[in-house]
Amino acid sequence: MNEDLGYDKTSIASIFEYSKKLIGHSLNEVVDPALKSMNLQGQGKGGLGQMIEKYFFRYNPNSDPGPDFKEAGLELKATGLKKLHDGEYQIKERLVCDMIDYSEVVKEDFETSLFYLKCRIMLLIFYLYQKNVSKWNLRYIYTVIWKLPEKDLLIIKHDFEVIVDKIKHGEAHLLSEGDTEYLGACRKGQKDSKLRHQPYSNILAPGRAFSLKTAYMRTVLDFIKSQGQSAVSNVDLKKTSKGIVTSTELKAKSFEQIILDRFQPWIGKTVGEIIEHYSPGLNLKAKDIDYVSACLIASDGKLNGRGKQHIENAEEFKKSGLRFKTIPTYASGKVKESMSYENIDYQEIYDNDQWFDSTTYELFSSRFIFLVFRHPTINSGGFDYDYESLILDKVFFWTMPPKDLDVAEQYWTNIRTHVLKNEISLKYFWKLGDKKLFHVRPKGTANSYKNAAINPNGGKADKYCYWFNGEYVQNIINQKTL
């Protein structure tokens, strides 16, 4: 124990125990006033993590590239929560880990990389985000020791290699958070921030940082809530996995290759044949039976795509935010319809003025897996409940290219502009006929969407959702093969 500090700076357990003093308090309440007055000319400057490190732990932030608490091998990260109307906490954003130095990262292996050395074990301190509140008065909710689990590290290692490989090919300017599963290369700074040199191209690239995706951080928050305590650790937790792939598989192949390999034998087979193999007796007339069949293949028979068995409840899908979408096509290969996504959260749109922190950006920069099913004979209209005849035609992973993400930002800006003006009506939003890649409209019956959403301006509004235009989906398919 370092008597002058109140904890042992060489011990993770001691640092963790000391961190509990923050829970339910702000820095203003726990920092010695004399220390504040001596050191804080220009109050609130610097990152929140640095302020916690310097004024709460009284541990001078070092310029070393390794972990913040170098003697203990522990990295400190402060990360925000939002409080919802029902009192529940929600992750505010991805966890930014370390800036990517394009010239240096290409020389690193994962196990010797700065990211691995710093973030393998972290002290995560969660605070309640409040707009226009001083960093000194933000309140701390949870403190967590998070050791990246073995399976997560295997997936993160592959993510790291995907990012580095893109830089080695002179494509740092084309990096996207949708390239990877858990570890993203997120934008740092605004769109007009200074661009950076990359080693294998003359094209300047935006600054990016390694980050654990928002979806991954949601699972950390879920873990905290499941423990029923404000201070938790996963270091000594028995390793139980509810995933659809194993560590053994991940040591041999990437997550994506494992999934594609599972689909390969079923290309050209019908939904009926797939169901008969994995789960005979299911209702082949159900409209989602093609989706169910795809879930059965992807999970190797573990999940059927309904209720708690939904594929997006699988560990790997929850942590990555991977989008699993079936695309029905006619015998000619023409896409049957536009593709819908989740309902627009008008309150979030209203509150958040930053594109890169928006849930819309999270959706459009996600990694997608598209599953194309083709009807063998029908070329127009509906399928008359003949879903068992659908043939699995193509399966591929996809990331929205940067030029389309720019269009998506315009789409979000249009929606937000009209939500702020209380103009929540189809006549104001992008329409299918505008041919702008995306559009807004409801799904379901009028009874299900009329006045069914909360209007942040007061009262209720019609519930609308995000759509990819059918023509855009068609172009994606035409450019891809298994």
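The values are calculated or read from the model by the stated rules, or taken from the named source; none is laboratory data. Not measured: the values here are computed from a predicted model. Virtual Cβ from ideal backbone geometry, glycine too; neighbours counted across all protein chains shown. To get the accessible areas, we keep the full protein, side chains included, count just its heavy atoms, and leave off ligands, DNA and RNA. Shrake-Rupley method; radii C 1.70, N 1.55, O 1.52, S 1.80 Å.
List of remarks:
- Any chance ASP353 is in contact (Cβ under 8 Å) with a residue 60 or more places away in the chain, over 26 Å from ILE477 (Cβ atoms) and open to solvent by 20 Å² or more (accessible area, probe 1.4 Å): yes
- Those strands (runs of 3 or more DSSP E) of the stretch 62-175 in which 3 or more residues are at pLDDT 95 or above and surrounded by 21 or more Cβ atoms within 10 Å (Cβ to Cβ) occupy 75-83, 121-128, 140-147.
- Of everything in the stretch 40-53 that is at pLDDT below 90 and open to solvent by less than 70 Å² (accessible area, probe 1.4 Å), the residue that is farthest from GLN229 (Cα to Cα) is GLY42.
- Options ALA205, ALA209; residue that is in contact with a helix residue (DSSP H, G or I) (Cβ under 9 Å, 6 or more places away or on another chain) and either open to solvent by 70 Å² or more (accessible area, probe 1.4 Å) or not hydroxyl-bearing (Ser, Thr, Tyr) (or both): ALA205
- Which listed residue, of ASP353, ASP386, is within 25 Å of CYS186 (Cβ to Cβ) and out of contact with any helix residue (DSSP H, G or I) (no Cβ under 7 Å at 6 or more places or on another chain): ASP353
- Members of the stretch 9-32 found to be modelled with pLDDT of 95 or more, open to solvent by less than 70 Å² (accessible area, probe 1.4 Å) and outside any helix (DSSP H, G or I), listed by number: SER11, ILE23, GLY24, SER26
Condition check ((1) in contact with a Cys (Cβ under 9 Å, 6 or more places away or on another chain); (2) more than 30 Å from ASP462 (Cα to Cα); (3) basic (Lys, Arg)) across all residues:
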{"residue": "THR359", "(1), (2), (3)": "no, no, no"}
{"residue": "LEU363", "(1), (2), (3)": "no, no, no"}
{"residue": "SER366", "(1), (2), (3)": "no, no, no"}
{"residue": "PHE370", "(1), (2), (3)": "no, no, no"}
{"residue": "ILE391", "(1), (2), (3)": "no, yes, no"}
{"residue": "ARG416", "(1), (2), (3)": "no, no, yes"}
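- For the stretch 424-435, the condition holds for at least one residue, the condition being that it is more than 29 Å from ALA185 (Cβ to Cβ) and of a type in the set (Gly, Ala, Ser).
- Of the residues making up the stretch 111-152, those that are polar (S, T, N, Q) and out of contact with any Lys or Arg (no Cβ under 7 Å at 6 or more places or on another chain) are THR112, SER113, GLN130, ASN132, SER134, ASN137.
- If you go through the stretch 286-301 and keep only what is open to solvent by 20 Å² or more (accessible area, probe 1.4 Å) and among the hydroxyl-bearing types (Ser, Thr, Tyr), you end up with just TYR291.
- Pairs, first more than 20 Å from THR399 (Cβ to Cβ) in the stretch 304-331, second open to solvent by 40 Å² or more (accessible area, probe 1.4 Å) and of a type in the set (Gly, Ala, Ser), C-beta under 7 Å, six or more apart: GLU315/SER241; TYR330/SER380
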